[in-house]
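The values are calculated or read from the model by the stated rules, or taken from the named source; none is laboratory data. Note that the structure is a prediction, hence the values are computed from the model and not measured. Glycine gets a Cβ as well: all are built from the backbone with ideal geometry, and neighbour counts include every protein chain shown. For the accessible areas, the whole protein counts, side chains as well, though only heavy atoms, and no ligand, DNA or RNA atoms are used. Shrake-Rupley method; radii C 1.70, N 1.55, O 1.52, S 1.80 Å.
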Amino acid sequence: MIEAKGRAMGKALLFDIDGTLADTDALHREAFNRVFGPRGHVVDDARFKREIQGFSNASIGARFLPAESPESRAAVMDEKEETFRNLVAGRIEPLPGLLALLDRADAAGIPMAAVTNAPRLNAELLLSGLGITHRFKAIVIGDELPHGKPHPLPYQEGLRFVGASAAASIAFEDSRSGVQSAAAAGIPTIGMRTTLAHADLVGAGAIASASAYDDPDLLARLATAMAW
């Protein structure tokens, strides 16, 4: 009965994966430098935030390998992602408070979707490693759509899969492009401060930010928005 009520009201929670469910950005940066360093690109924290975090592999490949063919770019990005998966295996930990929040959403009948620019293999590895794959009604992969983040299409697809309205839902994101995507889809968005500061996230369109899912202000906001 509670589940039907939650769905009838069109509410949902939508989550990015990397840097939002688990703090994985440092490992992504390490994988990128291992693969792209020999190709003349060394990425520090600032450049990672500005040019890589949250963007699709197609756009990253075009930016860093402009002289290569699309097939060559894709092969290099596949190598980077395989390197990342090897680095992250066995090291996946949820952000504090995440599992309790997912429990609460399930109890309230609030559907959830994962919306990411990561390749499907990465998304499935991280969700499986966290033990939460079953929590999500949909996993939306930006690279499998005509447009990835920061375009709103990935979040629009997430809303469509769970049958929710944008205004009644909440998205969680850690990157500028991700926040821009969710906000452009009309979803109130919470920025997770795993990599970016509050000002960066709000500047991209977030309505608030939190360092983790046990943040008292975040929990109070969710209790009001989700009516649980």
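Here are the numbers:
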{"quantity": "Extension gain from Ala46 to Lys137, taking 0.36 nm per residue of separation minus the Cα-Cα distance", "calculated": "29.3 nm"}
{"quantity": "Shape metrics for segment 154-217, restricted to C-alpha atoms - Rg then Dmax, Å", "calculated": "11.3, 32"}
{"quantity": "Burial ranking of peptide ranges 39-47, 73-81 (average Cβ count within 10 Å, highest at the top)", "calculated": "73-81, 39-47"}
{"quantity": "Debye intensity ratio I(q)/I(0), log10, segment 75-183, q values 0.21, 0.23 Å⁻¹ (C-alpha model)", "calculated": "-1.31, -1.47"}
{"quantity": "Sequence-separation-based contact order of the chain, relative, with Cα cut under 8 Å and 6+ spacing, percent", "calculated": "26"}
{"quantity": "Gaussian network model of the chain, Cα within-10 Å springs - most flexible of Ala89, Ala210, Ala185", "calculated": "Ala89"}
{"quantity": "The chain - mean residue ellipticity at 222 nm from DSSP helices (-39,500 (n - 2.57) per run, n ≥ 4, rounded to 500)", "calculated": "-14500 deg cm²/dmol"}
{"quantity": "With every protein chain in place, the chain: carbon and sulfur % of accessible area (1.4 Å)", "calculated": "54"}
{"quantity": "Alpha-carbon centroids, segment 60-122 and segment 199-228: separation in whole Å", "calculated": "22"}
{"quantity": "Gained length - His147 relative to Asp78, 0.36 nm times residue gap less alpha-carbon distance", "calculated": "22.9 nm"}
{"quantity": "Residue-span extension gain [Leu99 to Ala208] - 0.36 nm each, minus C-alpha spacing", "calculated": "37.2 nm"}
{"quantity": "Per residue solvent-accessible surface (Å²) - segment 90-152, probe of 1.4 Å", "calculated": "43"}
{"quantity": "Mean separation of Cα contacts under 8 Å, 6 or more apart, over the residue count of segment 175-228: relative contact order %", "calculated": "30"}
{"quantity": "Label-point gap, in nm, between Asn86 and His198 - each point 7 angstrom along Cα→Cβ", "calculated": "4.1"}
{"quantity": "At q = 0.20, 0.31 Å⁻¹, base-10 log of I(q)/I(0) for segment 67-110 (Debye sum, equal scatterers on each alpha carbon)", "calculated": "-0.72, -0.98"}
{"quantity": "Kirkwood Rh (inverse of mean 1/r, distinct Cα pairs), segment 1-124, angstrom", "calculated": "16.3"}
